[in-house]
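Scroll down for the structure; my scribbles are underneath it.
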Amino acid sequence: MPAARQSIDIDVSPGKVMAVITDFAAYPRFVPEMLESNVLRREGPAWVVKFAVRVVRRIDYTLRLEQLSPTQLRWSLVEGTFRANNGGWDLAPLDGGARTHADYFIDLDVGMFVPGSVMKTLVEKSLPATLAAFKGEAERRG
């Protein structure tokens, strides 16, 4: 997957959005392709989390995710099916902090041949659906 970036505006504060982003154990309840999400350990402002997703087939991987600030989170691959999986979230307050502009970005190297049509679906459909899921969960918790 080439690097991809998506943005979405969310009708709650950046702090509430970050609370959803860092609630890794809850991902299977609201992220469409997420099968499992288990926090293996917490290291200060960082977590090591094992994920399982279904995108054509089951894919297991472990990420180290670090909250750099109240509005920034970054991750990198620890182990798994991928050759690389790096990305993050940048949150910016809107309307005096009542709302949030969220930027999500990912650079993923799946390490195997994936047809162009599948990659296009991932970038054009799955990524926006994932962001919509985070928006919906944050606003539901609001």
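Run the Debye formula on the Cα coordinates of the chain, all scatterers equal and no solvent, and tell me log10 I(q)/I(0) at q = 0.12, 0.19 1/Å. Calculated log10 I(q)/I(0) at the listed q: -0.46, -1.21. Of PHE51, PHE30, the sequence from fewest to most neighbouring Cβ atoms within 10 angstrom is PHE30, PHE51.
Selection among ALA92, VAL49, PRO70 by position relative to the dipole of the chain gives VAL49 as farthest towards the positive end (Cβ unit charges, Cα centre). Pairs of alpha-carbon atoms within less than 8 angstrom and 6+ residues apart define the contacts here; what relative contact order does the chain have, in percent? Result for the chain is 31 percent.
Values quoted throughout were computed directly from the atomic coordinates according to the rules given, and no laboratory measurement underlies them. Treat the numbers as computed from the prediction; the structure is a model and nothing was measured. Positions of Cβ are backbone-derived with ideal geometry, glycine not excepted, and every protein chain shown enters the neighbour counts.
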